[in-house]
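Here is the structure we will look at, set down as structure tokens.
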Amino acid sequence: MPKILVVDDEPDLELLLRQKFRRRIRSGEFTLVFAQNGVEALERLDEHDDVDVVLSDINMPEMDGLTLLAQLGELDRDLRAVMVTAYGDMKNIRTAMNRGAFDFVTKPIDFGDLETTIAKTLEHLAVMRAALRDRDALVALRQELGVAARMQESILPTNYPTDPRYELHAWMTPAREVGGDFYDFFRLEEDHMAIVVADVSGKGVPAAFFMMVSRTLLKGTAIGEADPSICLDEVNQLLINENEESMFVTLFYANFNPANGHATFANAGHNLPFLIKASGEVEQIVSDPGLVLGIMSGVDFPKGSIALEPGDAVFFYTDGVTEAMDEDGVELGEKELAEVLSECGGSSAEDINRHVIRAVQDHAGEADQSDDITCLTLRYLGT
């Protein structure tokens, strides 16, 4: 219930206002509180911390309305002031407006105009309070997103294996505070290494949650199942069972053996990696694309294999790389990516990633990043 503090030294005004607004007061549209001067008004404000509007005369004893208005500005209270003064008193009206008054009415008071002014003032106050609540909610949300982004960043591996037989390096730049892309690598039985690059449908917080679920399920399944095809089939079924939002994830999973450079893999609708020969020759790995995870059960995820020679590298990525657009909406594309990778023969895994990211940034120019950008490079050094 809005509360209005009326400040005026005329004793008849309280009676007139109570009579004029009796129905609105009785129905609970607002409450009236009265004071006879600025000093009493400040006392009423101490007693009523929920006053919304101060309706104050300018000319009063002890403390006039303009002085009261200055005092209101120091109270740090969320309220609005409407001043009452003689018709034509433009000097005081201008002073009042400059000191923060929201509006004014003139004497003799036109109660129809006063009613309209009060309604307008309360509506403005309600809108501003709603805007402040939205702002505070947005600030809180951005703080939560910041926490979520740090949590997401913390779960992605950043300590790369120090093994003389191979190099690993990954890079991810989310398009928003949190992203739906993810990469992972972890050790399997018999000294093998699991390598994963994936892209969840959608953006923002829902994609980030689904990403964490997908990553956890895959890692838990892969540790007990060496066959990539069977592993993806089990993860697919687990995602379907708990996927009320009908989200999905594209994923490329490889089981790499650093003892001989061989890798078996299975694809779930993801972009096919590129093989970079030490000579600089580039070719895209050939594989059945498979179906995305989380949508349909009973599908096959055909298994493939690749044998790396010393110096060869495999570049895994998400479509944020090839679909990065410039200011005219032109995508980088797989052909252009292959040309960029052809300049990386013999480069380290980290240098390959950095070279590609620079190429993506140069292509995009000033255009906004429209999708998460993720890449991971495995370089085989030999036994």
- Task: Name the shape class, rounded, prolate or oblate, that the alpha-carbon gyration tensor gives for the range 1-69, where a ≥ b ≥ c are the square roots of its eigenvalues, rounded holds for a/c under 1.5, and otherwise prolate holds if a/b is larger than b/c and oblate otherwise.
- Result: oblate
- Query: Name the trypsin sites (Lys or Arg not before Pro) in the range 1-106 that are in a loop by DSSP and that have at most 14 other C-beta atoms within 10 Å, would you?
  - Reply: Arg77
- Task: Output ³J(HN,Hα) for the range 283-293: one whole-Hz value per residue in order, computed from phi by the Karplus curve 6.51 cos²θ - 1.76 cosθ + 1.60 with θ = phi - 60°, and x for Gly and Pro.
- Result: 8, 7, 5, 8, 6, 5, x, x, 10, 4, 8
- Quick one: Karplus J couplings for the range 103-115, per residue in order, coefficients 6.51, -1.76, 1.60, θ = phi - 60°, nearest Hz, x for Gly and Pro? 7, 8, 10, 10, 8, x, 5, 8, 5, x, 5, 4, 4
- Message: Taking amide H atoms as placed 1.01 Å from N in the peptide plane, list the residues 5 or more away in sequence, or in a different chain, whose amide H sits under 5 Å from that of Leu308.
- Response: His262, Ala263
- Against the longest principal axis of the chain, how steep is helix 228-241, in degrees 0 to 90 to the nearest 10, with axes from Cα atoms? 30
- Task: Keeping the other protein chains in place, figure out the carbon and sulfur percent of the accessible area of the chain, with a 1.4 Å probe.
- Result: 50
- Message: Keeping every protein chain present and rolling a 1.4 Å probe, give me the accessible area per residue for the chain in Å².
- Response: 49
- Item | the chain - mean residue ellipticity at 222 nm from DSSP helices (-39,500 (n - 2.57) per run, n ≥ 4, rounded to 500) | -12500 deg cm²/dmol
- Task: Take a quick pass over the chain and tell me how many lysine pairs come in under 27 angstrom between Cα atoms, counting only ones 8 or more apart or on separate chains.
- Result: 14
- Task: Ignoring everything but the protein chains, give the 1.4 Å probe accessible area of Ile230 in square angstrom, nearest 10.
- Result: 80
- Message: Please list 3J(HN,Hα) in residue order for the range 90-101, calculated via the Karplus relation 6.51 cos²θ - 1.76 cosθ + 1.60 where θ = phi - 60°; whole Hz, with x for glycine and proline.
- Response: 5, 4, 5, 5, 5, 4, 4, 5, 5, 8, x, 5
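The values are calculated or read from the model by the stated rules, or taken from the named source; none is laboratory data. Just so we're clear, the structure is a prediction, and the values are computed from it rather than from any experiment. Neighbour counts are summed over all protein chains in view; Cβ atoms, including those assigned to glycine, are modelled from backbone coordinates with ideal geometry. Note: areas computed on protein heavy atoms with side chains; ligands, DNA, RNA excluded. Shrake-Rupley method; radii C 1.70, N 1.55, O 1.52, S 1.80 Å.
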